[in-house]
Amino acid sequence: MTLDTTFSPADIEARWYKHWETSGGFRPERPDAEPFTIVNPPPNVTGSLHIGHALDNTLQDIVIRYERLRGKDALWVVGMDHAGIATQMVVERQLEERQDKRTNYTREQFIDKVWEWKAESGGQITHQLRRLGCSMDWSREQFTMDEHFTKAVLKTFVDLYNDGLIYRDKRLVNWDPKLKTAISDLEVEQQTIAGSFWHFKYPLGDGVTLADGRDYIEVATTRPETMLADMAVAVHPDDERYASVVGKHVVLPITGRRVPIVADEHADPELGSGAVKITPGHDFNDFEVGKRAGIAAGDMLNMLDGSGDVCQTADSLVPDEFIGLHRFKRDGVKGARELVVEQLKELGLLIPHIAKTKKGEEVEHDAEPRQIATPFGDRGGVVIEPWLTDQWYVNAAKLAEKPIKDVRDGTIEIVPKSWEKTFFNWMENIQPWCVSRQLWWGHRIPAWFDEAGNVFVAMNEEEAQSQAGDGVVLTRDEDVLDTWFSSALWPFATLGWPEDGQPLLEKHFPNNLLISGFDILFFWDARMMMMGQYNMGEAPWPRLYLHGLVRAADGSKMSKSKGNVVDPLGLIDQYGADALRFFMAAMESQGRDIKMDEKRVEGYRNFATKLWNATRFCQSNGIDASTTLKAPIARLAANQWIIGEVQQVCSELESAMADLRFDAAANAIYQFTWSKFCDWYLELIKPVLTPLPPAGGVGGGPEQSEDGGAAPTPNPSREREGDWTPQLETREVAGWALDQILVMLHPFMPFITEELWHAQATYRGGEKRQYDLITASWPNPRAEVSKEATDAIDWVIDLTTNVRSAKNELGIPPGAKLAAFLPEASDLAASTIERSSAAIERLARLTPVTLGEAPAGPAMQVSAMGDMFVIPLEGIIDIDAEKARLEKALASSEKEARSLEGRLGNANFVERAKPEAVEKAREDFAHHSGEVERLKAALERLG
RNA sequence: GGGCGUAUAGCUCAGUGGUAGAGCACUGUAUUGACAUUGCAGGGGUCGGAAGUUCAACUCUUCCUACGCCCACCA
């Protein structure tokens, strides 16, 4: 196949993805191979691909493709999460757009609508993941509401219940008044907002007074509306100001209700007046104080209405004028908060806040302005109300025990390790997990109540009925489970659990690795650890890799409201999926967020183009696909050198991948491909493939050097065996090396590498590849390469670079071909000049090179690894410039040499430093002082 | 209040107990056969600050400063 001169990602991406998917490339049959398994964090069915997904999935795909190439039975489980709240919100919003609402339907009708929505517009992200090139096993795509998944969820719930690890409890929960459901601690986000701090007088009852004669207690609050449900005033037991009134009462303003004054350590004497109002039904601290004061949860006052919304309830305790009000002002309408303040002010019970203006004048305000940390629901976005309800709780502390041990003893390795502390900190202080949600969309809790309120937990109604006994009327719990309860089962429920005889489950659980963003460490990762241990008796994976966030170019968090969101699909359109993927990999260094840098994405698009053109070059020079995995036998220095370099980069890549250093892996293959293969190797073999006509009319024949150049000295001893030719060898090695690049680069840039793989035909004449790159074999380039050969190329490279640099500094045209003399040649120099004269001519542009003294006269002097060439430049060279150049180099070498000399002269260093370090210093010193001598001689030569 | 992270070239980031690298940007230069989405060459950093350990610190320790994140709390 001939490649077009331009490379357009869009065409090849769609074509190859379809081919891989339809041909089963993502999960080749490898029954005997070692399994390698990753489960993909199931995206919400409502979701679409954002830049964070692009990072997360790129990393996983790199690992999966790498392990697949290494011959493993690589399985990447994919699917979607039903995302209870998010999905219900989407569908409800759709109804609202048609002036309709959820409650116009029965629960069953509404759930049908959600399924309809899913069928029509859910799961966009699955198509977008394909555009990124992700090689998941779509043939087994999962959904957390699939029938078998539901069974796993129910079984887990029932088992936990029977083990006493799930229980029903009445306590304060984080209530989201917008979504009208309880949510877990993790779903609450603290935000600091500007608020007010009010001070009130609570009159003491029964004519009691404080020690100082006051007939009231001062309390302060940021939530005055809750005073309607106050049940006590607490003071510190040691606070002498209030000692006389503990056990007495205050009369609550507005309602006139009498509440006790209790002693409790929660009250901080240093803070405010030292007395605090206690509202057990609407504050987590107060709840605890209330319990300590002997108030049963069932007796705690609740001032909100039955829907749990912000309205006041007619609880006979709430005055009429408050009923129907929201908690706070909404849409300009006064709320309970405002009315409480207003009434207290009218009653003269508001203690004003005295503020000083800039001019020093005192001004009275109703309240003190304050920054207040306020809980918000992460989905609904409104202020959370701590609310007293009956909910289902998981004993998370118990379930956390084994995961903590797993991480502690290394059964699970968290990468990077720095996250372990955070993990332990959370797990060791974990609170009961509220798992019930007052929603319709989700896994309905398998609990049935009889009329007396007894609960029966079972897999289905029949079982519950048999527990309850015939004739007992049962009603199923209306609530559904937290979405994370089901996704916690993902590593095994997707593989067939809890059914018996599931070969996939046996082979692929535990999984091998989990990759996730650190933002879901607690939500998902930790809960998978708990459920893995609980259901399977094992950690779900031995390794957890946590990556950071992708941030906007200025370092800020991407968010829709800020309008700084970068769309990964837009980047794919513009630069290709391969470039975006490579960017993600190259920027992914452990424990750090990634800042978006579009220039860099562009750079990796350029890298793809570079590879594309290198392949075009190979094609036009008869370089075919290789037919063996093993490195070809090579005798040419350049070929041996590139084989050695392939081995080198391959081992770098493997060790980077073993450590999950995606950046190191990407950079290794990048540098090798561009800086070694393209910049040097392809240039080194050009003279072999297309020899220049020999200079001076001397014919080729036996005088030719092995790399296609004219040898400086005839070498009649060279033998030519069989049909070996330098050209054949070079084509074979180049084709092999290119193939290795394609394989090694494939996990990072799957599309272009697959395209080029197939563009490269096997054997001259165009027989097609036997198999796709996606299922090719990882390099195993164990080959002997001689140090002499690789040194020779390193020497040529050093010479070339130094000649180019010198020419550039002296203003000599880079293309100028110059004759060179080498008065004192090292063995390496002598043999290299003989073997690789063509490379020296083409790259260093030195020809002829004469071993021996140069004629007297002006010359440029250039060294290559210690061999000092003299390049006469009569009439061209500016002697002063050359002197300056050499002097600069001399100064630099002298500085190095002096520094090393100083170190070597330090007895402490020689005695106490590692012997290798001393040896290295000696070598470096010898090198630099040698260079000093040579440069001095060179300067002397110029006079 | 507790914990974590970051600070290295103009920018974005690697890095190692032995004297600092990449990409981009910048400067100069090259163009008839792989590639201008390119080649070649070059300039540019007292590695946030201070002290300590060490023969040797960008690297280890402590402290400080700045920025960021997580958890808890502020009645």
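The values are calculated or read from the model by the stated rules, or taken from the named source; none is laboratory data. This one's a predicted model, so the numbers in the text were calculated from it and none came from an experiment. All Cβ positions, glycine included, derive from the backbone under ideal geometry; neighbour counts span all protein chains shown.
Only residues that are more than 17 Å from residue A:862 (Cα to Cα) and either in a helix (DSSP H, G or I) or within 8 Å of RNA strand B (Cβ to nearest atom) (or both) were counted across the range A:895-939, and they come to 31.
Among the residues of the range A:784-804, none qualifies, meaning not one is without any contact (Cβ under 8 Å) to a residue 60 or more places away in the chain and small (Gly, Ala, Ser). Going by the structure shown, is residue A:581 closer than 29 Å to residue A:744 by Cα, buried (at least 24 other Cβ atoms within 10 Å of the Cβ), touching an Asp or Glu at 6+ places or on another chain (Cβ under 8 Å) and in contact (Cβ under 8 Å) with a residue 24 or more places away in the chain? For residue A:581, the condition - closer than 29 Å to residue A:744 by Cα, buried (at least 24 other Cβ atoms within 10 Å of the Cβ), touching an Asp or Glu at 6+ places or on another chain (Cβ under 8 Å) and in contact (Cβ under 8 Å) with a residue 24 or more places away in the chain - is met.
Screening the candidates A:931, A:916 for the property of being surrounded by 15 or more Cβ atoms within 10 Å (Cβ to Cβ) and either of a type outside the set (Phe, Trp, Tyr) or at pLDDT below 90 (or both) yields one hit, A:931.
Looking at A:923, A:901, which is the one that is of a type in the set (Asp, Glu) and within 30 Å of residue A:854 (Cα to Cα)? Testing whether each residue is of a type in the set (Asp, Glu) and within 30 Å of residue A:854 (Cα to Cα) leaves just A:923. Regarding the range A:49-62, can at least one residue be identified that is in contact with a His (Cβ under 8 Å, 6 or more places away or on another chain) and either under 28 Å from residue A:506 (Cα atoms) or free of Cβ contacts under 8 Å to residues at least 24 places away in the same chain (or both)? Taking every residue of the range A:49-62 in turn, at least one turns out to be in contact with a His (Cβ under 8 Å, 6 or more places away or on another chain) and either under 28 Å from residue A:506 (Cα atoms) or free of Cβ contacts under 8 Å to residues at least 24 places away in the same chain (or both).
Restricting the range A:230-251 to residues that are closer than 23 Å to residue A:302 by Cα and more than 14 Å from RNA strand B (Cβ to nearest atom) leaves a set whose member that is surrounded by the fewest Cβ atoms within 10 Å (Cβ to Cβ) is A:251. Only residues that are assigned to a helix (DSSP H, G or I), hydroxyl-bearing (Ser, Thr, Tyr) and either under 17 Å from residue A:727 (Cα atoms) or touching a residue at least 12 places away in the same chain (Cβ under 8 Å) (or both) were counted across the range A:642-693, and they come to 3. Is there a residue being within 17 Å of residue A:523 (Cα to Cα) and hydrophobic (A, V, I, L, M, F, W, C) anywhere in the range A:434-448? Within the range A:434-448, one or more residues are within 17 Å of residue A:523 (Cα to Cα) and hydrophobic (A, V, I, L, M, F, W, C).
If you scan the range A:280-303, which residues turn out to be part of a loop (DSSP other than H, G, I, E, B) and near RNA strand B (Cβ under 8 Å from one of its atoms)? Let's see the steps before the verdict.
We begin by selecting, within the range A:280-303, every residue part of a loop (DSSP other than H, G, I, E, B); these are A:280-283, A:293-296, A:300-303.
Answer for the range A:280-303, where residues must be part of a loop (DSSP other than H, G, I, E, B) and near RNA strand B (Cβ under 8 Å from one of its atoms): just A:283.
Kindly indicate whether residue A:563 is in a loop (DSSP other than H, G, I, E, B), more than 14 Å from RNA strand B (Cβ to nearest atom) and at positive phi. In short, yes.
Looking across the range A:416-453, just one residue is among the polar types (S, T, N, Q), under 30 Å from residue A:109 (Cα atoms) and not in a loop (DSSP other than H, G, I, E, B), and that is A:436. The single condition among (1) surrounded by 15 or more Cβ atoms within 10 Å (Cβ to Cβ); (2) farther than 19 Å from residue A:374 by Cα; (3) within 11 Å of RNA strand B (Cβ to nearest atom); (4) of a type outside the set (Val, Ile, Thr) that residue A:257 does not meet is (3).
Among the candidates A:543, A:600, single out the residue that is basic (Lys, Arg), over 30 Å from residue A:398 (Cβ atoms) and either buried (at least 16 other Cβ atoms within 10 Å of the Cβ) or touching a residue at least 12 places away in the same chain (Cβ under 8 Å) (or both).
On the way: A:543 fails: over 30 Å from residue A:398 (Cβ atoms).
When all the criteria are applied, what remains is A:600.
Within the range A:74-111, restricting attention to residues that are acidic (Asp, Glu) and not in a helix (DSSP H, G or I), the residue that is modelled with the highest pLDDT is A:81. Filtering A:405, A:421 for residues that are more than 20 Å from residue A:173 (Cα to Cα), within 16 Å of RNA strand B (Cβ to nearest atom) and without any contact (Cβ under 8 Å) to a residue 40 or more places away in the chain leaves a single hit, A:421.
Scanning the range A:136-152 for residues that are assigned to a helix (DSSP H, G or I), of a type in the set (A, V, I, L, M, F, W, C) and within 11 Å of residue A:486 (Cβ to Cβ), which turns out nearest to the chain's Cα centre (by Cα)?
Filtering first and then ranking leaves A:149.
Just so you know, in the range A:603-612 the residues that are near RNA strand B (Cβ under 7 Å from one of its atoms) and either charged (D, E, K, R) or more than 14 Å from residue A:575 (Cβ to Cβ) (or both) include one that is surrounded by the most Cβ atoms within 10 Å (Cβ to Cβ), and it is A:605.
A count restricted to the range A:32-48 and to residues that are among the aliphatic types (A, V, I, L, M), touching a residue at least 60 places away in the same chain (Cβ under 8 Å) and in contact with a Lys or Arg (Cβ under 9 Å, 6 or more places away or on another chain) stands at 1.
For the range A:53-71, state whether one or more residues are surrounded by fewer than 20 Cβ atoms within 10 Å (Cβ to Cβ), among the small types (Gly, Ala, Ser), closer than 29 Å to residue A:114 by Cα and under 19 Å from the mean Cα position of the chain (by Cα). No, the range A:53-71 contains no residue that is surrounded by fewer than 20 Cβ atoms within 10 Å (Cβ to Cβ), among the small types (Gly, Ala, Ser), closer than 29 Å to residue A:114 by Cα and under 19 Å from the mean Cα position of the chain (by Cα). The lone criterion from (1) modelled with pLDDT under 95; (2) touching a strand residue (DSSP E or B) at 6+ places or on another chain (Cβ under 9 Å); (3) in a loop (DSSP other than H, G, I, E, B); (4) not hydroxyl-bearing (Ser, Thr, Tyr) left unmet by residue A:510 is number (1). Annotation for the range A:618-628: at least one member residue is among the hydrophobic types (A, V, I, L, M, F, W, C) and away from RNA strand B (no atom under 14 Å from the Cβ).
For the range A:353-396, name all the residues that are of a type in the set (Ser, Thr, Tyr), touching a residue at least 12 places away in the same chain (Cβ under 8 Å), surrounded by fewer than 18 Cβ atoms within 10 Å (Cβ to Cβ) and more than 14 Å from RNA strand B (Cβ to nearest atom). Before you say what the answer is, go through the steps one by one.
Taking the range A:353-396 as the starting set, the residues that turn out to be of a type in the set (Ser, Thr, Tyr) are A:357, A:374, A:389, A:393.
Filter once more, so that each one left must be touching a residue at least 12 places away in the same chain (Cβ under 8 Å): A:374, A:389, A:393.
After this cut, where a residue has to be surrounded by fewer than 18 Cβ atoms within 10 Å (Cβ to Cβ) as well, the list is A:374, A:389.
The answer is A:389, and nothing else.
Condition test on residue A:633, is it closer than 28 Å to residue A:734 by Cα and not in a helix (DSSP H, G or I)?
Values: closer than 28 Å to residue A:734 by Cα: yes; not in a helix (DSSP H, G or I): yes.
Answer is yes for this residue.
The set of residues in the range A:201-225 being near RNA strand B (Cβ under 10 Å from one of its atoms), touching a strand residue (DSSP E or B) at 6+ places or on another chain (Cβ under 8 Å) and not aliphatic (A, V, I, L, M) consists of A:221, A:222, A:224. Scan the range A:674-689 for residues that are more than 17 Å from residue A:736 (Cα to Cα) and basic (Lys, Arg) and the total you get is 0.
Can residue A:161 be described as surrounded by fewer than 17 Cβ atoms within 10 Å (Cβ to Cβ), of a type in the set (Phe, Trp, Tyr) and over 33 Å from the mean Cα position of the chain (by Cα)? It is false that residue A:161 is surrounded by fewer than 17 Cβ atoms within 10 Å (Cβ to Cβ), of a type in the set (Phe, Trp, Tyr) and over 33 Å from the mean Cα position of the chain (by Cα). The set of residues in the range A:763-818 that are more than 10 Å from RNA strand B (Cβ to nearest atom) and of a type in the set (Lys, Arg) comprises A:764, A:768, A:769, A:782, A:787, A:817.
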